[in-house]
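This report concerns only the one structure given below.
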Amino acid sequence: MKSAKTLAFVLAFATMPAAFAAGSMGGMDMKPSAASQPAPQPVVAEIRKIDVQAGKVTLKHGPIANLGMGPMTMAFPVKDRASLKNFKEGDGVSATFDNVDGKPTVVEMRHK
């Protein structure tokens, strides 16, 4: 009787990897799909500080849905440093943010 229980136990564990493999081969991709991430949308913001040399702008901004960020004031790198010459502190802008090299970055900024 003891050997029957042992055999059942061994068989149960022997078939577990096959059951898990069959489940994972059924298209269960655990990575979030691109459709689940909101697309970058322009966010209303106010320029608080510009650092042309560092290529950064400090913005008081609303929620940034595609980055999961709430409203706050924060310095961001700017993808196009040269564009900073077109803005001044206090300007109201519409900024689009995205992750660039793993960092939240202003990828586009326009006057409101």
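Values in this text are rule-based calculations from the coordinates and carry no lab data. Predicted model only: the values in this text are computed from it and were never measured. Positions of Cβ are generated from backbone atoms using ideal geometry, with glycine treated the same way; all protein chains shown enter the neighbour counts.
A few notes on this one:
- Going by neighbour counts of Cβ atoms within 10 Å, the residues L59, L84 line up, fewest first, as L84, L59.
- Gyration tensor verdict on segment 40-111 (Cα atoms; rounded if a/c is under 1.5, prolate if a/b is larger than b/c, oblate otherwise): oblate
- For F76, distant residues with modelled amide H under 5 Å away: V57, T58, L59
- Placing a pseudo-label 7 Å from each Cα along the Cα-to-Cβ vector at A54 and A39 gives an inter-label distance of 3.3 nm.
- Net charge of Cβ neighbours under 10 Å - reference E108; Lys, Arg +1; Asp, Glu -1: 0
- Positive-end residue of V52, L67, G102, charge dipole of segment 40-111 with Cβ unit charges: V52
- Theoretical gain in end-to-end length, N99 to A75 [0.36 nm per residue, Cα-Cα removed]: 7.2 nm
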